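So the structure is just underneath, and the comments pick up after that.
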Amino acid sequence: MFDFSYYTPTKVVFGKGTESKTAELIKEFGGTKILIHYGGGSVVRSGLLRRVTDSLDNAGISYVTLGGAVPNPHLSLVYEGIELCKKENVDFLLAVGGGSAIDSAKAIGYGVANEGDVWDFYDYKRKATGCLPLGVILTIAATGSEMSDSSVITKEEGLVKRGYSSDFGRPKFAIMNPELTMTLPDYQTACGCTDIMMHTMERYFTNGGNMEITDSIAEGLLRTVMKNAVILRDDPKDYDARAEIMWAGSLSHNGLTGCGNNGGDWMTHKIEHELGGLFDVAHGAGLAAVWGSWARYVYKDCLPRFKRFALNVMGMGDVGSDEEIALKGIEALEDFFRSIKMPTNLRELGVDATDDDLILMAKKCADGLPNGEFGSAKVLNEQAILEIFKASV
Ligand code: NZQ
Ligand code: ZN
């Protein structure tokens, strides 16, 4: 087991109607002039944005609004938000939406609190020394950005999608009302469940130290998400299932399932980020499309973990060689993805990638890795990434 530090400062307010506490929470964390940041309009159509602005009006809190954060959020809107915050003397950010609105808000927060070009942080050129304080009203359970230190932004020029992680970006509060996720399209619900699982699995498939308590939490989380993803597939209005998934989303990416291991593998995410950057696919679906190819490429180098996953998460019997059991576990997870209508290759994802596309994505991915390689289950370089892309067509 490895030493670790665990820092999860976000105040979580969970349950029905909790968005009514927004003004109170903003005041608690010292916000006086707010930028409300949201996505493409789902929060307008659902009436959530109106309820939030009404509650701020009633509490005498002034605000400006900025919508338009698209899935795989764009750097250009981040720049626009930074300018708006400076012009309006904004001192607190409120993201209303999913990972894209939250990540875009975090980037705006870095840009306001630090001199120079905010992209430098995403381009690994320097580290932020602060961030505007941020609160979240979550409308989709998926990324865990409501408690995580991460923000993922796409620079339109060159379609470069990169993440930046810093404790400064962790939200001050997260309002989580599972009912708000009931307007989600089924596809987005399934994408979210996949992403939640993958945040846990990235930390689970490692050759670094492991801890029994962390493994047990991770395995329980994975089983819970799979069970409730199927419930939601059949009944999207099931409140308890929505709640289980929503809380799992936060726990999957707030560091809990990384305690004691070496930080995780993360190559499935890095590979998917290239798909998201170039083809603008939904993040969770992109992960499902490449995971099987990644797993088959690396499992022999991380066999005890893949065997444990097959037995404890996918419920395989302890019959056959370790390799056979590991492969059965991989196949079982792909079957599960299909059962919730997630893709298991690029074709099913709707991506018709040419050989040149695959080569470009592998190169961009490796360019974004320290010394051109990364991974814990198995260290991957550009050639290995290309092999995985080729196997996922
Ligand atoms: O934009 P609107 O109109 O709000 O519609 C969104 C969007 O089309 C819609 N939606 C969200 N809540 C809804 C809803 N529609 C109806 N009812 C609701 N209640 O769903 C679509 C997806 O929203 P988005 O915010 O893009 O989804 P998600 O939360 O999956 O975020 C994806 C982004 O987060 C990044 C991904 O790479 C991607 O860019 N990630 C961020 C992470 C982090 N910050 O920690 C970690 C992740 O691994 C991930 O990389
Ligand atoms: Zn993710």
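Numerical summary
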item	result
Local electrostatic count, Cys191, Cβ distance below 12 Å [Lys/Arg +1, Asp/Glu -1]	-2
Long-range HN-HN contacts of Phe374 with modeled amide H, under 5 Å	Leu380
Using θ = phi - 60° and Karplus 6.51 cos²θ - 1.76 cosθ + 1.60, couplings along region 89-94 (whole Hz; Gly, Pro as x)	6, 5, 10, 7, 10, 10
The chain: calculated mean residue ellipticity at 222 nm from DSSP helix runs of at least 4, using -39500 (n - 2.57)	-15500 deg cm²/dmol
Solvent-accessible heavy-atom area per residue, rounded to whole Å², over the chain at 1.4 Å	40 Å²
Region 227-274, accessible surface, carbon-and-sulfur percent (1.4 angstrom probe)	53 percent
Cα Rg over Rh - region 236-349, Kirkwood	0.98
Listed pairs Lys307/Lys328; Lys227/Lys328; Lys87/Lys155; Lys125/Lys161; Lys33/Lys125; Lys86/Lys106 exceeding 21 Å between Cα atoms	Lys87/Lys155; Lys33/Lys125
Rounded Å value of the spacing that divides the Cα centres of region 259-274 and region 153-222	11 Å
Stokes-Einstein D (µm²/s) once Rh is taken as the Kirkwood radius of the chain over alpha-carbon pairs, at 4 °C in 1.567 mPa s	61 µm²/s
Reachable lysines from Lys27, criterion Cα separation under 18 angstrom, eight or more residues apart if same chain	Lys11, Lys172
Inter-site label distance for Lys127 and Lys86 at 7 Å from Cα along Cβ, in nm	2.5 nm
Region 361-393-region 285-330 distance, computed between alpha-carbon centres (Å)	20 Å
Simple spin-label estimate for Asn345 and Tyr187 in nanometres, 7 Å along Cα-Cβ	2.0 nm
HN-Hα J in Hz across region 322-333 - Karplus 6.51, -1.76, 1.60, θ = phi - 60°, x for Gly and Pro	4, 5, 5, 5, 4, 5, 5, x, 5, 4, 5, 5
Over the chain, relative contact order from alpha-carbon pairs under 8 Å, at least 6 apart, %	16 percent
Surrounding net charge for Gly135, when Lys and Arg each add one and Asp and Glu each subtract one, Cβ distance under 13 Å	+1
Solvent-accessible surface ranking, highest first, for Tyr297, Tyr7, Tyr122 at 1.4 angstrom	Tyr7, Tyr297, Tyr122
Net charge, Thr214 excluded, C-beta distance under 14 Å - Lys, Arg +1, Asp, Glu -1	-2
Per residue convex hull volume, Cα atoms of region 186-391, in Å³	109 Å³
Peptides 32-40, 381-389 ordered by average Cβ neighbours within 10 Å, highest first	32-40, 381-389
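The values are calculated or read from the model by the stated rules, or taken from the named source; none is laboratory data. Predicted, not measured: the structure shown is a model, and the values here were computed from it. With ideal geometry, Cβ positions are generated from the backbone for all residues, glycine too; neighbour counts draw on all protein chains shown. Just the protein is used for accessible areas: all its heavy atoms, side chains included, with ligands, DNA and RNA removed. Shrake-Rupley method; radii C 1.70, N 1.55, O 1.52, S 1.80 Å.
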